[in-house]
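Values in this text are rule-based calculations from the coordinates and carry no lab data. Computed from a prediction, not measured in an experiment: that's the story for all the values here. Here Cβ is always computed from backbone atoms with ideal geometry, including for glycine, and neighbour counts include all displayed protein chains.
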Amino acid sequence: MGSRRAADERRRTSPAVVGGVAAVVVAGAGFGAYALYGGGAAAEENARTRAAAAEEKVKSGPLSAAEVTSTAQRFLTAWQQGDVAAAAAATDDAKAAEALLTGYAKDARVTDVTLTAGTPAGDKVPFSVKATVTHEETSKPLAYDSALTVVRGPGDGEPRVDWHAAVVHPELKDGDKLVTGEAGDPPVEALDRDGGKLTAATYPSLGTVLDGLREKYGEKAGGTPGIELRVVRGKESKAAKASDKTLLELSEGTPGTVKTTLDPALQAAAEKQVAGKERASVVMLRASTGEILAVANGGHGFNTAFQGSLAPGSTMKVITGSLLIEKKLASIDAKHPCPKYFSYGGWKFQNDDEFEIKDGTFRAAFARSCNTAFISQAPELENDDLTKQAKEVFGLSMNNWSVGVPTFDGAVPVQSAASMAASLIGQGGVRMNPLNMASVAATVKSGSFHQPYLVAPSVDGRGLATASRTMSDATLAQLRELMSYTAAHGTAAEAMAGVGGDAGAKTGSAEVDGQEKPNGWFTAYRGDLAAAGVVQQGGHGADTAGPIVAALLKAAG
């Protein structure tokens, strides 16, 4: 450790310039002990200097290239040389910076740090990090790229590094820290339902899922921990259900095994469907049990399929439709309004392309995904009706699913006026992900809610979430007929072409502020299988998520 080296061994060199910014290189430099000296005449002079500076005009306006370069140089030089106080002083949050940079050496055990700056792009300066991580007798090299941004500091307007934990390592969120030591959890060897190994190399989408399995079952699966450098999540990251992440393995542990419900053939098919689609996600379940058979995310950076929180658009009309039928506000072949527009709560709602269905039935309105057919019933509903329906029948929005890895269990908050009306068509405050919407289709197909799960409850004796009631046989029969008709003759027909057997579907498109195109949604069932997908900024669900879901249903044979 740098803190144990004699002071005369800590050599300093002048920074070289690479790409217009200092390339800070100090042979053998780590984070050593440091001291601050002051008092007496020097302190008085510093006080006078600070007072004079405070009287000067606060700097403003765009940063010059020189300000960006010199600020980055000052920060990187101090960080590399182990002068944590000086490095922190070059940021706009010295307290947070000093704590994380100190931990970089003390807790993460990173030494021999070499920082090389790249060419600035405006106020942003990329840099590379090469260092060594040491734990007892074991050492391994560490290399990664990061970046910093220079801003004008509060108060004086002087240029400073805009402090975020990601400056130290791009995998860090604010509040996270780096730790090297015995792994928090022993490694886990995840198995598919047939006993085959599940790895991120074979199934790229499963990286975050495997991290979650390790966190949940590492201590229970019978393995022993290794030594690793890892990200330990802070309060905010934990609230977002982010798992700790291994960055560097110094020594391997002995893995335990955890068997999942994933089907290897269907998982491979799901991976194929999202490959090359940056923001596509899909989930497939066994409707009668809730077993998760496949989960995949394009991009692989975040498990949107399980943890996404997105407006589901018109796929929500499956839940709303069940509510209207139960309350006798709609019946499959009864006349039902579908005007171009309907106003409620001060908002004017309309259909896609402002279409209308004159003298149509609820069957026709559902199949064409008529917004106003649902919004028009808002005056007849209580503010909490949709929330109750989602919780009591579909098991959603209770935050109590125990899947085996972190999930978001949907949200259908109680709302009023226009927001309540918007919720009926999957906008407003309603939030879902493909796991939630696959479960909705599964509930319709099986007739009752079965909480989805990736690891059987028998593995650890945990309980699964339940719904308090089921739909009546009459309601269920109408809802199945609506989804079947939509799959055969409605907005889902093109995507579901070739999906034989007992099948039903619902499309959706969710508008998002700031997006040119809506998020495309699709949920469907076939036989005992249910699936749902989303393509963010993809456009209409029938054209984007629909083919992904349909292909997965076909792959199941």
message = Sort Met420, Met432 by Cβ crowding within 10 Å, fewest neighbours at the top.
response = Met420, Met432
note = Links exceeding 21 Å between C-alpha atoms in this model, out of Lys140/Lys245; Lys173/Lys277; Lys177/Lys220; Lys335/Lys388, come to Lys173/Lys277; Lys177/Lys220; Lys335/Lys388
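Can you give the relative contact order of the chain as a percent, counting alpha carbon pairs under 8 Å and 6+ residues apart? All intermediate terms of the calculation are to be shown ahead of the outcome.
On the way: 1336 pairs, mean separation 59.7, N = 557.
About 11 percent, as a whole number.
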ask   = Once you put a point 7 Å from the Cα of Ala85 and another 7 Å from the Cα of Val414, both along the Cβ direction, what distance in nm separates them?
value = 5.6 nm
query = Once Lys and Arg get +1 and Asp and Glu get -1 on their Cβ, which of Ala334, Ala72, Gly175 lies farthest toward the positive end of the dipole of the chain?
reply = Ala334
key: Under the Debye formula (equal points on every Cα, no solvent term), log10 I(q)/I(0) of segment 188-260 at q = 0.11 Å⁻¹   = -0.28
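Return a whole-number percent for the relative contact order of segment 47-179, with Cα pairs under 8 Å and 6 or more residues apart as the contact set.
On the way: 221 pairs, mean separation 33.2, N = 133.
Reported relative contact order: 25 percent.
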remark   = The exposure ranking of Asp107, Asp192, fewest beta-carbon neighbours within 10 Å first, is Asp107, Asp192
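Given segment 188-260, what percent of its DSSP beta bridges are antiparallel, to the nearest 5?
Working: 7 of 11 bridges.
That works out to approximately 65 percent antiparallel.
Under the rule of -39500 (n - 2.57) per DSSP H run of 4 or more residues, summed and divided by the residues of the chain, what mean residue ellipticity at 222 nm is obtained, to the nearest 500 deg cm²/dmol?
On the way: 17 runs with 163 residues, N = 557.
Value at 222 nm, helices only: -8500 deg cm²/dmol.
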ask   = Could you give the Stokes-Einstein D for the chain in µm² per second, using the C-alpha Kirkwood radius, 20 °C, 1.002 mPa s?
value = 81 µm²/s
note = Between the modelled labels at Lys327 and Tyr341 (7 Å from Cα along Cα→Cβ) the distance in nm is 2.5 nm
query = Using +1 on the beta carbon of Lys and Arg, -1 on that of Asp and Glu, and nothing else charged, what's the dipole of the chain about the Cα centre, debye to 20?
reply = 360 debye
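For a footprinting-style exposure proxy, rank Met483, Met437, Met316 by other Cβ within 10 Å, fewest first. Don't jump to the answer; show the numbers that get you there.
Working: Met483 26, Met437 34, Met316 29.
Lowest count first: Met483, Met316, Met437.
Within the chain, which DSSP H helices have Cα atoms that stretch 27 Å or more along the helix axis and a mean Kyte-Doolittle hydropathy of at least 0.0? Don't skip to the end; give the middle numbers.
Numbers: long enough: none.
TM-like helix candidates: nothing returned.
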